[in-house]
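J.: Encoded as structure tokens, here's the structure I'll be asking about.
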Amino acid sequence: MEEKTEKTYKFVIVGGGIAGVTCADQLSAQFPSDDVALITAGLHIKAVTNYKQLSRTLEEFDVEERPSSVLEEKFPNLTVIHSAVKALHTQSHSVQTEDGLVYGYDKLCICSGGRPKLLTRDNPYVLGIRDTDSAQELQKRLSKAKRIVVIGNGGIALELVYEVEGCEVIWAVKDKAIGNTFFDAGAAQFLIPSLDAGKPGRALPCKRPRYTTEEPAPGASQTFTADGSRRGRGSGPTEPGSALGPDWHEGVVLRGAEQVSRNVSVEYKCEVEKIYTSEELPTSPQQTPGSEDGPWPVYVQLTNGKTFGCDFVVSATGVVPNTEPFLAGNKFALADDGGLQVDDHMMTSEPDVYASGDVCTACWKHSALWQQMRLWTQARQMGWYAGRCMAAHTLSEPIELDFCFELFSHVTKFFNYKVVLLGKFNGQGLGLDQELLIRCTKGQEYVKVVLSGGRMVGAVLIGETDLEETFENLILNQMDLTPYGEELLNPNIDIEDYFD
Ligand code: FAD
């Protein structure tokens, strides 16, 4: 049966996360007399506030969860539609939403983000963290927990194990060092004593993008399911909200049932072999912590042969791009990681369909100093650039790849240290063609420089080093640093003055 198109918009953007909102913002401002629609499954949208350009490529901003009315008030030509897209018809240039309506578009940008890559989808003792609802569920379950097992070695796992108190944490990482996504073993070694140290007082300033949540807008429907989780409009399954980000745990009490401070044990070089309920547990597993002091609701057998009983498992092993609703009947080229392939104009392989943020995979020939990582800053940059490309193509104007894709840069906080990552900070793709310079003062700072052919190609700065701008310049201008040798990291030389 032919579906009736509700309305055709010049631009339709799917997803109310950072990528989608930034893209919608860009297009609504540039085409004030054309209709723009933002279709999103969640109740709220994400807004970037207090944007600060710290250096040529480093940026910092706050992110607030807001009612969509804020966007509509700002742009009278923008309509926010709260419903999940369930089908895309690229031939007829239309999308169909869960509530059965069909919207036409001239150009579409898919910014549907990702969902946690769960170890298993149907085990109630395995949780992922993605949005506000899942963070609240974690908080609720944690308040009754004595031991949890955290699986994964990325940013979310790093933050979680550091924040949880009042509960024993077994942290299983597949690598030989913690934080492998961001650090080398040296940086991990620098950070690991923080896991044993007491938690610093809450009065410490937090210098990274802050995430805040607001109550739903008046009139926005919100119901609670029997298990306490929130549901958006409509009666479908819980709809995916946008991803949390830096400081997702601020305002979420991550405290277990015991009167103990942080208590983390790391299991290195292992993955999950099997997850058992107490009934399924083999009668004589190798005697390990966990199997003797049960029964526990769930048991995790690791590939290192150990089995741990626990209250629940947190699966923090990355994200899977949210592509499913868009694939049926279309011929999208997908990358190995499951993302929608996009070219240097953020265009997918389908005509007039763009994508940005966690859902896409950047498939253009990258600059030698940039790589894609599914991070908040890149979601904003891609959303912004996708909007500019859609505008340029509409106006038949040329557009060049934005400068932000020239150098990878990221500023964040781990274990209460400021962390700046620049370029090929882990020597990504350099093989043996790299030289490392390291300066480390225990408990204070860790500075690593990656050189290739005498030129700086990456850096990791942990602590208040104040080196980011100078190093960013040295990376961008590719100056030959061979004459300076190890002096480059001599703490007695004011390097900023030196290269000024
Ligand atoms: P999302 O924010 O996931 O937004 C996707 C949007 O699409 C949502 O609004 C959703 O409702 C909507 N949607 C999905 N499917 C549909 C559909 N079918 N129809 C309509 N709408 C749909 N990054 C950092 O840089 N630093 C950090 O410290 C950091 N910490 C993080 C901590 C946690 C717990 C998590 C989960 C992520 C963290 N990230 C961090 C990653 C960062 O949050 C994401 O990279 C970023 O938010 C991705 O933005 P996005 O707009 O692409 O997707």
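The values are calculated or read from the model by the stated rules, or taken from the named source; none is laboratory data. The model shown is predicted, which means the values in this text are computed figures rather than measured ones. As a convention, Cβ positions derive from the backbone with ideal geometry for all residues, glycine included, and neighbour counts pool all protein chains shown. Accessible surface areas use protein heavy atoms only, side chains included; no ligands, DNA or RNA. Shrake-Rupley method; radii C 1.70, N 1.55, O 1.52, S 1.80 Å.
J.: Counting only the heavy atoms of the protein chains, how much of GLU487 is accessible to a 1.4 Å probe, in Å² to the nearest 10?
T.: For GLU487, the solvent-accessible surface is approximately 100 Å².
J.: Within straight cross-link reach of LYS174, meaning Cα distance under 13 Å, which aspartates and glutamates are found once same-chain residues fewer than 8 apart are removed?
T.: Leaving aside aspartates and glutamates fewer than 8 places away in the same chain, those within reach of LYS174 are GLU267, GLU271, GLU273.
J.: So what is the 222 nm mean residue ellipticity for the chain from helices alone, if each DSSP H run of at least 4 adds -39500 (n - 2.57) and you divide by all residues, rounding to the nearest 500 deg cm²/dmol?
T.: Values: 9 runs with 88 residues, N = 500.
Result for the chain, helices only: -5000 deg cm²/dmol.
J.: To continue, here is another question. May I ask you to list the lysines whose Cα is less than 19 Å away from that of LYS52, ignoring any residue fewer than eight positions away on the same chain?
T.: Filter leaves LYS207, LYS413, LYS418.
J.: Remind me, relative contact order of the stretch 409-498 in percent, using alpha carbon pairs under 8 angstrom and six or more residues apart? Working shown, then result.
T.: Working: 149 pairs, mean separation 22.1, N = 90.
Reported as a whole number, the value is 25 percent.
J.: HN-Hα J couplings of the stretch 34-42 from phi, Karplus 6.51/-1.76/1.60, θ = phi - 60°, integer Hz, Gly and Pro as x?
T.: Using θ = phi - 60°, the values come out as 10, 7, 10, 10, 10, 9, 9, 6, x Hz.
J.: Based on the alpha-carbon gyration tensor of the stretch 305-408 and its eigenvalue square roots a ≥ b ≥ c, which shape applies: rounded if a/c is under 1.5, prolate if not and a/b is larger than b/c, or oblate?
T.: On the way: a/c = 2.73, a/b = 1.76, b/c = 1.55.
Because a/c hits 1.5 or more and a/b exceeds b/c, the stretch 305-408 counts as prolate.
J.: Follow-up. Computed FRET efficiency, Cβ-Cβ of THR8 and ARG121, R0 51 Å: what is it to the nearest 0.05? Before the final figure, lay out the partial values.
T.: Details: r = 36 Å, r/R0 = 0.72.
My answer for the efficiency is 0.90.
J.: Ok, one more. Using a basic spin-label model with each label point 7 Å from the Cα along Cα→Cβ, how many nm lie between LYS140 and ASN304?
T.: Computed distance between label sites LYS140 and ASN304 equals 3.3 nm.
J.: Filter the cross-link list LYS146/LYS269; LYS107/LYS424; LYS117/LYS331 down to pairs whose alpha-carbon distance in this structure exceeds 29 Å. Can you show the working numbers first?
T.: On the way: LYS146/LYS269 24 Å; LYS107/LYS424 34 Å; LYS117/LYS331 24 Å.
Result: LYS107/LYS424 exceed 29 Å.
J.: By the gyration tensor of its Cα atoms, with a ≥ b ≥ c the square roots of the eigenvalues, what is the shape of the chain: rounded for a/c under 1.5, prolate for a/b over b/c, or oblate? The partial results should precede the final answer.
T.: Details: a/c = 1.81, a/b = 1.12, b/c = 1.63.
Oblate, since a/c reaches 1.5 and b/c is not below a/b.
J.: Label the stretch 409-498 by shape, choosing from rounded, prolate and oblate, from the square roots a ≥ b ≥ c of the eigenvalues of the Cα gyration tensor; if a/c is under 1.5 it is rounded, and otherwise prolate applies when a/b is larger than b/c, oblate when it is not.
T.: On the way: a/c = 1.61, a/b = 1.23, b/c = 1.31.
Oblate shape, in that a/c is at least 1.5 and b/c is the bigger or equal ratio.
J.: Same structure, new question: Explain nothing, just the number: relative contact order of the chain, from Cα pairs under 8 Å at least 6 residues apart, as a whole percent.
T.: 17
J.: How big is the stretch 92-145 in terms of Cα radius of gyration and Dmax, in angstroms?
T.: Gyration radius and largest Cα-Cα distance of the stretch 92-145: 17.2, 52 Å.
J.: In whole percent, what relative contact order does the stretch 302-348 give with Cα contacts below 8 Å and a gap of six or more residues? Working shown, then result.
T.: Values: 24 pairs, mean separation 12.4, N = 47.
That works out to 26 percent.
J.: What FRET efficiency do you get for SER92 and ALA368 if R0 is 41 Å and r is their Cβ-Cβ distance, rounded to the nearest 0.05? Spell out each step's value before the answer.
T.: Values: r = 42 Å, r/R0 = 1.01.
So the FRET efficiency works out to roughly 0.50.
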